[in-house]
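What follows is a single structure, and I will ask about it in a moment.
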Amino acid sequence: MENIIIFDTTLRDGEQSPGASLNTKQKLEIAYQLSTLGVDVIEAGFPASSVGDFESVSLVAKKTKGPVICGLARALSNDIDVCFDAVKYAKKNRIHIFLATSPIHMKYKLKMSSEDVFQMAVDAVKYAKNKISDVEFSAEDASRSEIDFLCRVVEGVIDAGATTVNIPDTVGYSVPSEFGEIISKLFSKVPNIHKAVISVHCHNDLGLATANSLSAAISGVRQIECTINGLGERAGNASLEEIVMCIHTRKKLFNFETNIKTTEISKTSKLVSSLTGIMIQPNKAIVGGNAFAHEAGIHQHGVLAKAQTYEIMTPQSIGLKSSSIVLGKHSGRHAFEKKLTELGFKLTVKEFEKSFSDFKALADKKKNVYDEDIEAIVENEFAEEKQIYELSDIFISSGSSVKPIAKIKLKKDKKLFFAESSGDGPVDSSYKAIEKIVGQKFKLVDYSLKSVSIGKDAVGEAIVKIEHKGKIFVGRGTSTDVIEASVKAYLSAINRILRTRV
Ligand code: KIV
Ligand code: ZN
């Protein structure tokens with residue numbers, strides 16, 4: 001299998017996404033995670049562009065172990081000097097020089113002749129080569145450049161010492177067949193091309209960045225430049241997670257491998273999203289919130305029977321615990337039944353049919369039906385016959401200088417049970433008293449309390465989660481007295497556990 005070098009430019013091109021500015025500390029945090037993810041090269045910034053960028057690149061170079069640390073520079077000696085000063089601290093470092101080679105960029109932006117551009121590119125690479133061995137050259141807007149001139153520049157910079165030559169689709173204009181052809185032409189026309197690694201850097205203006213990058217890889221490139229979540233200038237860059245998971249999922253087709261630890265993808269994506277403040281669209285491939293969620297009844301049935309019916313990669317392969325079955329109006333009986341089991345309900349056929357029709361009616365009115373809604377449906381229908389232990393009375397004594405004591409009276413099968421206990425506070429004391437009555441200790445894994453109405457007499461709602469035999473049982477209780485709400489919540493979770501045994 002051929003290895004594809006993953007060059008991550010989240011901290012440089014990704015940071016060029018409007019509104020995505022990162023401070024030095026945040027950049028370092030992302031760099032550490034990129035290193036754990038296993039990227040081969042981190043483009044940490046454009047040191048000559050600002051003092052802040054210089055500092056970030058230097059810090060990433062000093063502190064990040066593993067990947068090559070790269071900085072971007074224009075084909076100017078001052079940019080190259082500044083870039084070198086920033087990346088010099090890294091054990092493995094690279095200077096990445098770019099210069100446009102397309103007629104439109106040379107005429108209107110650079111205002112230079114092609115001859116002068118050629119010379120400037122070669123001179124810049126030679127200049128950088130005196131400082132550092134690893135030099136990358138990018139022919140900016142390569143996909144709109146004249147192919148013979150592009151070949152000449154590629155040959156010239158390789159002769160000048162470039163170790164990687166990047167062919168960017170800077171404006172995301174190319175399409176896969178055409179871009180693959182450009183790469184094939186370079187491989188057939190540039191005599192010294194095998195002396196350098198050929199790379200691509202595709203933008204997503206037409207939504208083709210991933211496809212163009214993979215087409216280029218099929219035509220011979222061995223480095224792909226990409227970003228986490230596809231961040232980048234305008235519509236962004238090729239997204240790392242899409243490139244890597246394409247290669248991973250279609251291994252036999254591509255015959256490529258990468259050094260990426262795919263199980264770190266989800267974590268990295270979430271970190272970048274939270275630090276840049278750029279949300280991931282729910283239907284984004286691989287890392288979107290819906291990428292492993294199933295709503296349609298036919299799909300849910302299929303996935304529950306055999307995940308591969310509707311999943312081409314496992315959620316675990318990108319670091320997620322599991323896929324999700326979203327209950328909504330398209331969901332069917334299988335998904336509803338699975339959710340009831342997860343929530344600890346065991347219903348008779350008649351109860352199930354009634355709950356299912358209530359659920360369908362609710363789903364018609366409400367986009368998403370959450371666990372709490374299902375609980376409410378089932379509990380409203382069957383609460384009376386299903387309560388095993390009910391709160392009959394509660395007495396608490398507590399204060400800043402007295403030991404809290406809870407006295408609890410519960411009713412079960414019309415009989416009353418009483419227990420008293422002390423603990424770390426009134427809630428803990430009452431939970432201990434309940435456990436004495438039930439004759440069993442429970443593992444509380446989450447407890448939350450919030451107000452569900454306004455004012456001094458607001459109703460408090462407690463939600464508890466108890467772990468039992470590897471499953472989570474949720475309990476909810478409401479009251480104007482928060483201790484009573486907490487006790488009701490604990491009892492409702494315990495009842496649910498006990499019900500699963502009946
Ligand atoms: O899009 C582009 O051409 C770039 C270069 C600097 C590589 O970002
Ligand atoms: Zn770019």
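The values are calculated or read from the model by the stated rules, or taken from the named source; none is laboratory data. On a predicted model such as this, the values are computed, not experimentally measured, just so you know. Methodologically, a virtual Cβ is constructed for each residue, glycine included, from the backbone with ideal geometry; neighbour enumeration extends over all protein chains shown. To get the accessible areas, we keep the full protein, side chains included, count just its heavy atoms, and leave off ligands, DNA and RNA. Shrake-Rupley method; radii C 1.70, N 1.55, O 1.52, S 1.80 Å.
Only one residue in Leu416, Leu444 is open to solvent by less than 80 Å² (accessible area, probe 1.4 Å) and of a type outside the set (D, E, K, R), so which one is that?
Leu444
Something else: Considering the stretch 338-357 alone, what residues qualify as being of a type in the set (Phe, Trp, Tyr) and without any contact (Cβ under 8 Å) to a residue 40 or more places away in the chain?
Phe352, Phe356
Among the residues of the stretch 224-239, write down those that are within 14 Å of ligand 2 (Cβ to nearest atom), at negative phi and open to solvent by less than 10 Å² (accessible area, probe 1.4 Å).
Ile224, Glu225, Cys226, Thr227, Asn237, Ala238, Ser239
Turning to a different aspect of this structure: Select from the stretch 20-35 the residues that are assigned to a loop (DSSP other than H, G, I, E, B) and open to solvent by 10 Å² or more (accessible area, probe 1.4 Å) and write down the one among them that is farthest from ligand 1 (Cβ to nearest atom).
Selected residue: Asn23.
Since Val51 meets every condition but one in (1) of a type outside the set (Lys, Arg); (2) open to solvent by 50 Å² or more (accessible area, probe 1.4 Å); (3) within 28 Å of Glu257 (Cβ to Cβ), which condition does it not meet?
Here Val51 clears every test but (3).
Then there is this: Between residues in the stretch 1-19 that are assigned by TED's automatic domain parsing to the domain that holds His203 and assigned to a loop (DSSP other than H, G, I, E, B) and residues that are of a type in the set (D, E, K, R) and within 12 Å of ligand 1 (Cβ to nearest atom), which pairs lie under 8 Å by C-beta distance while being six or more apart or on different chains?
Thr9/Glu43; Thr9/Glu225; Leu11/Glu43; Arg12/Glu43; Asp13/Glu43; Asp13/Glu225; Asp13/Glu233; Ser17/Glu233
Considering only residues that are of a type in the set (S, T, N, Q) and open to solvent by 50 Å² or more (accessible area, probe 1.4 Å), which ones fall in the stretch 164-194?
Result: Ser177, Ser184, Ser188.
Within the stretch 473-502, can you find the residues that are touching a residue at least 60 places away in the same chain (Cβ under 8 Å), of a type in the set (A, V, I, L, M, F, W, C) and open to solvent by 10 Å² or more (accessible area, probe 1.4 Å)?
Val474, Ile483, Leu498, Val502
Right, next: Is there a residue being over 19 Å from Leu11 (Cα atoms) and either assigned by TED's automatic domain parsing to the domain that holds Lys91 or of a type outside the set (Gly, Ala, Ser) (or both) anywhere in the stretch 222-233?
Filtering the stretch 222-233 down to residues over 19 Å from Leu11 (Cα atoms) leaves 222.
Okay, now just the ones that are also either assigned by TED's automatic domain parsing to the domain that holds Lys91 or of a type outside the set (Gly, Ala, Ser) (or both), so 222.
Yes, the conditions are met somewhere in the stretch 222-233.
Here is a further query. If Gln300 satisfies all but one of (1) crowded, with 23+ Cβ neighbours inside 10 Å; (2) in contact (Cβ under 8 Å) with a residue 40 or more places away in the chain; (3) polar (S, T, N, Q), what's the number of the condition it fails?
Of the numbered conditions (1) crowded, with 23+ Cβ neighbours inside 10 Å; (2) in contact (Cβ under 8 Å) with a residue 40 or more places away in the chain; (3) polar (S, T, N, Q), the odd one out for Gln300 is (2).
Among what's in the stretch 130-152 and is open to solvent by less than 10 Å² (accessible area, probe 1.4 Å), assigned to a strand (DSSP E or B) and under 17 Å from Asp169 (Cβ atoms), pick the residue that is nearest to ligand 1 (Cβ to nearest atom).
Out of the qualifying residues, it is Ser138.
Among the listed residues Asp205, Asp148, Asp141, which satisfies the condition of being away from ligand 2 (no atom under 15 Å from the Cβ) and acidic (Asp, Glu)?
Of the residues listed, the single one that is away from ligand 2 (no atom under 15 Å from the Cβ) and acidic (Asp, Glu) is Asp148.
Within the stretch 195-220, how many residues turn out to be open to solvent by less than 30 Å² (accessible area, probe 1.4 Å) and β-branched (Val, Ile, Thr)?
Number of matching residues: 3.
Evaluate the stretch 89-106: report whether one residue or more is closer than 23 Å to Ala160 by Cβ, open to solvent by less than 10 Å² (accessible area, probe 1.4 Å), in contact (Cβ under 8 Å) with a residue 40 or more places away in the chain and polar (S, T, N, Q).
yes
Under the condition of being in contact (Cβ under 8 Å) with a residue 24 or more places away in the chain and among the basic types (Lys, Arg), which residue from the stretch 358-377 is surrounded by the most Cβ atoms within 10 Å (Cβ to Cβ)?
Checked the stretch 358-377; the qualifying residue surrounded by the most Cβ atoms within 10 Å (Cβ to Cβ) is Lys360.
If Asp123 satisfies every condition in (1) in a helix (DSSP H, G or I); (2) within 16 Å of ligand 1 (Cβ to nearest atom); (3) within 30 Å of Lys88 (Cα to Cα) but one, which is the exception?
With (1) in a helix (DSSP H, G or I); (2) within 16 Å of ligand 1 (Cβ to nearest atom); (3) within 30 Å of Lys88 (Cα to Cα) applied to Asp123, the lone miss is (2).
A follow-up question, please. Suppose we filter the stretch 256-292 for residues that are assigned to a strand (DSSP E or B) and either surrounded by fewer than 16 Cβ atoms within 10 Å (Cβ to Cβ) or in contact with a Phe, Trp or Tyr (Cβ under 6 Å, 6 or more places away or on another chain) (or both); how many remain?
1
Considering only residues that are among the hydroxyl-bearing types (Ser, Thr, Tyr) and surrounded by fewer than 17 Cβ atoms within 10 Å (Cβ to Cβ), which ones fall in the stretch 331-357?
Residues satisfying the conditions are Thr341, Thr348, Ser357.
Within the stretch 160-200, how many residues turn out to be within 16 Å of ligand 1 (Cβ to nearest atom), in a loop (DSSP other than H, G, I, E, B) and not hydrophobic (A, V, I, L, M, F, W, C)?
Result for the stretch 160-200: 5.
Considering only the stretch 194-249, state which residues are hydroxyl-bearing (Ser, Thr, Tyr) and either at pLDDT below 95 or within 20 Å of the chain's Cα centre (by Cα) (or both).
Once the filter is applied, which keeps residues that are hydroxyl-bearing (Ser, Thr, Tyr) and either at pLDDT below 95 or within 20 Å of the chain's Cα centre (by Cα) (or both), the stretch 194-249 yields Thr210, Thr227, Ser239, Thr249.
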